[in-house]
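Down below is the structure, laid out as C-alpha cells.
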Amino acid sequence: MPIAMTPVHYLRTTALFAAGALAMAGCSPASDTAAAPPAGTSTAQQSLAVEQPWVKANTTGGMTSAFATLINDTEVPVVLTGTTTKNVAGSVELHETVLDPDTGATAMQAMAEPVTIDPGESYMLEPGGDHIMLMDLQCGLYPGDELEITLQFQDGAEQTLTAAIRDYAGAQEEYAPGEEPAQENHQEHEDAGHATSSTAADLPSCHA
C-alpha cells in the first residue's frame, strides 16, 4: 500500500537528496585537474637543459654527427633511449666509444643500453666521444643553417633541440667491426661531416 507523503515529509526528503549531492560533489576531482605523474619518472615538463648543440656540416650525403651537453636539472633520473630527425636521415642512433680488443684502439658503435642521466649530472656528446649519428642523409647540412633533433626518453616523453650546423674536420670516427651502416665505405665514415670529394654533388639543403 503506497505511503502518502505530507508536505513536511517531501521537504525533508528533498533536503536529504540535496545534501547527498553536495557531499558527492565535494569528493569528486575537478574535471580540468590533470593527474599527477608517477613518482620517479621524467616528463616533458621536466626536460633536460641543453648547452651548445651543433652538427657537423655535410652537403654530399652519407653520414654526420651531432653534439651537445645534456644537463639533468630535475630531481629524478632521466633515461635517454634514442634520437630522431624529421626527413633528414634514414636512421639516427646514439653512438658510444669502445675499446677494440684486437687493436687496442677506440672505436664507435651503436649504444647497447639507454643512457641514464642522474639528477644534477651532465652527459656530454662530443667529437671523439659519445655522439648522435645521423646516417643515410636525405639532404645537405650546410654551415650556418640549423637542424632540429628530437631526444626520446624511456617514459615516452620527447624533447626537441635546435642545433647549429658548423664546418668541422676534426675527430674523425673509427667504427667497430660490423657497425658500419650498409652502402657506406670506410673512407666515408672517416670523413663524416664535411665534403671530401671534388666530384661529389651537393644535395639540396635540409633547411630549404
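Structural remarks
- Elements of type strands (runs of 3 or more DSSP E) contained in the stretch 46-145, each with 1 or more residues being within 23 Å of T162 (Cβ to Cβ), open to solvent by 50 Å² or more (accessible area, probe 1.4 Å) and at pLDDT 95 or above: 49-56, 78-84, 89-99, 122-125, 131-137
- The set of residues in the stretch 104-139 that are acidic (D, E) and out of contact with any strand residue (DSSP E or B) (no Cβ under 6 Å at 6 or more places or on another chain) comprises E113, D118, E121.
- Selection count where residues are in contact (Cβ under 8 Å) with a residue 60 or more places away in the chain and over 16 Å from the mean Cα position of the chain (by Cα), scope the stretch 93-136: 10
The values are calculated or read from the model by the stated rules, or taken from the named source; none is laboratory data. All of these numbers come straight from a predicted model, not from anything done at the bench. For neighbour counting, all protein chains shown are included, and Cβ atoms are generated from backbone atoms with ideal geometry for every residue, glycine included. Note: accessible area is taken over every heavy atom of the protein model, side chains too, but ligands, DNA and RNA are not part of it. Shrake-Rupley method; radii C 1.70, N 1.55, O 1.52, S 1.80 Å.
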